[in-house]
Every structure is written in C-alpha cells, then in structure tokens.
Amino acid sequence: MSRALKLAFILDPLDGLKAYKDSSIAMMRAAAARGHQVWTMQRGALTWRDGAVSARALPIHLLAGDAPWYAPAGPEQALSLAGFDAVLMRQDPPFDFEYVTATWLLEDAAQAGARVFNNPRAIRDHSEKLAITEFPQFMATSLVARDAVDIQAFIDEIGDVILKPLDGMGGSQIFRVRKDDPNRNVIIETLTQEGARTIMAQRYLPQIAEGDKRVLIIGGEVVPFSLARIPQAGETRGNLAAGGRGVAMPLTVREREIAECLAPILWARGLLIVGLDVIGGHLTEINVTSPTCMVEIATQQGFDVAGLVIDKLEQACN
C-alpha cells in the first residue's frame, strides 16, 4: 500500500459544486477513502513571493451526502504548493488571462518541486478546440479562420457546418449553419466579433444524434467506457450543460483507436486527466482543463474512474 499523500485540489467555490455529478468531488472522496489528506484552495488565493508559490488552503473531510458534501478538517492555512505531494488544477474555464496567469504561477511552483496535474504548461499549450489539429487523421473536415470570406466559402463548400468559438465550454455559442441559412451572415459576424476573433468551423456530423462521446484517458490509460451525451429533440448540442442526456457505453473500435493513439503522447506531456470528445468516430475536442463525466460512468457501468486517478497519483508520488 502507498504512503498517505497530501493532496491539494484547486477548485471553483466549494458551495457551488454538485456532489451528485462532480468529478473533482469523486476524486477527493476516492483519495480520502484511501487515507490521503485532502486540501482545497481557490485559484484567486495563489501568490508568489521570494521564489515560492503559496495559497490559502482548507483541509476538508469528505461527507457521504450531496449537501453538505464536506466539512472543514481544520483552519485555513497559507501553505507552499511544494509542500503537497500533488496539486490538481481543477478550475473550470473560461480560459481567460486570469487562467493563464494561474498556469504561470503553477509552472513556477512545479519548477520549485511541486507536482502539478494537469501540467500547467501543457494546459496552456493545449487549446481544447485547436489541439485536435495535431491529429488531422482523426478530424472531420474543419477550418480555423476569422475572416468572413474564408468562413463563408467553407459553408458554401461543405453545405452544413458547426461554428464555435475557441474559448467556449458546455456547448455555449455553438451554431449549426446550413448553406441556405438566412442568418448565416449575422451568426458569423457575431461569433467572429466582426472579424476580430478566430473561430472553428467543422463539417456537421449527423451522428451527433447518437451522442457526443466523452472518452477519458487517465495517466495514459484509456477508460473502456465513454459517456454518450445525447442531444434533446431538436437540439444539435449533446453537452450535459445544454440539456443532453448522458449514457455510458463501451468504447467502439474507432474510439479506442483514437484514444490509444493519443494516450501516451498526452501523458508524456503531464496530462493526467484528459477528456476526448468524439462524434461519429471523429475527434472534435481534447479537454484538459477540468474534464468531467467520471461519476456517470461509475454509476452506470461500475468503472471507478476517480479511483484510477488516485491509482495514477499514487504511482507518480511513490
């Protein structure tokens, strides 16, 4: 058995987390069940001084219920991140300048000896939308552009496309635009902010009706089940935040092929927890900030994804 670890989780405000579905809470519960110490901190509490990155950290007990799901295990303390066995960055987007600043501070902490997952440089270097361009063999026909002329030409060529910003999450600001859509001009103007913002256009995949599949990779190991996020009737977005229904199911041969190809590459970059989005056998996103869907897979298929995360942390820290 591994020694007890001192783990820090950088989270959104605790009282806003939903225990019945939150992957970070599932990981903290799995860690506490093995006797590891669990501390929480907020991104805004990160500070740098005299070469050390610290934060106000709260030790917690994990409770079984949904509300409350935790209780303080002691007073909040200002602690160096290098004093933890591992620090898990689980802050949700938006990936704005404050998020980037946090990755710089966490990178300083890593240089001082802290183990930070996901690796802050890798988080910063992996745009969740653009990272797929490293693997064009798995992509649907796509375009990255900001000039309306280029986007309009792509719509004319493909006929039925999805347009989305590069910094969105949860399905926000995603539009399906057909060649004959009378609103295509205003949609492009809005998304690109009159040509000032780069967006992504992708060929519409009708297989979205079967689900936008979330495939998890934990420490280079592919989870054998995906969560298919199935859109509501009349909706083109499967995101759970947009009302999609989550159904856990075994990976298809194609999904496993994609995941097994990416797994060693991403783990070598320090990406402990990765969520691939796959529609109809096509890779559409590589999520590295705070991938979710662990609870649904565990509940429906009995595969302990959160426990696998702790397995990998124990291996990395011992």
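If R0 is taken as 45 Å, the Cβ-Cβ distance between Cys261 and Arg176 corresponds to a FRET efficiency of 0.95. Averaging the Cα positions of each part gives two centres, and for segment 111-141 and segment 17-35 these lie 24 Å apart. For the residue pairs Lys164/Lys312; Lys179/Lys213; Lys6/Lys312; Lys18/Lys164, the alpha carbons lie more than 24 Å apart in Lys164/Lys312; Lys179/Lys213; Lys18/Lys164.
Taken along the Cα-to-beta-carbon direction at a fixed 7 Å, the label points for Gln77 and Ala148 span 5.9 nm. By the helix-only formula, in which each DSSP H run with n ≥ 4 contributes -39500 (n - 2.57) and the sum is divided by residues, the chain has a 222 nm mean residue ellipticity of -8500 deg cm²/dmol. Most tightly packed first, judged by the mean number of other beta-carbon atoms within 10 Å of their residues, the peptides 56-65, 209-218 read 209-218, 56-65. DSSP bridge analysis restricted to the chain gives an antiparallel fraction near 80%, rounded to the nearest 5.
Rounded to the nearest Hz, the phi-derived 3J(HN,Hα) couplings of segment 118-130 under the Karplus curve 6.51 cos²θ - 1.76 cosθ + 1.60 (θ = phi - 60°) are 5, 3, x, 5, 5, 4, 5, 7, 9, 4, 5, 8, 7, where x marks glycine and proline. Annotation: the residues Ser54, Ser127, sorted from fewest to most other C-beta atoms within 10 Å of their own C-beta, follow the order Ser127, Ser54. Once the chain from Ala45 to Val253 is taken as fully extended at 0.36 nm per residue, the excess over their C-alpha distance is 70.5 nm.
Between Glu221 and Asp92, 0.36 nm times their residue separation minus their Cα-Cα distance comes to what?
Length gained, Glu221 through Asp92: 44.1 nm.
Coordinate-derived values only; no laboratory data. Bear in mind that the values here come from a model prediction, so they are computed numbers and not experimental data. Ideal geometry is used to build each Cβ from the backbone, glycine not excepted, and the neighbour counts take in all protein chains shown.
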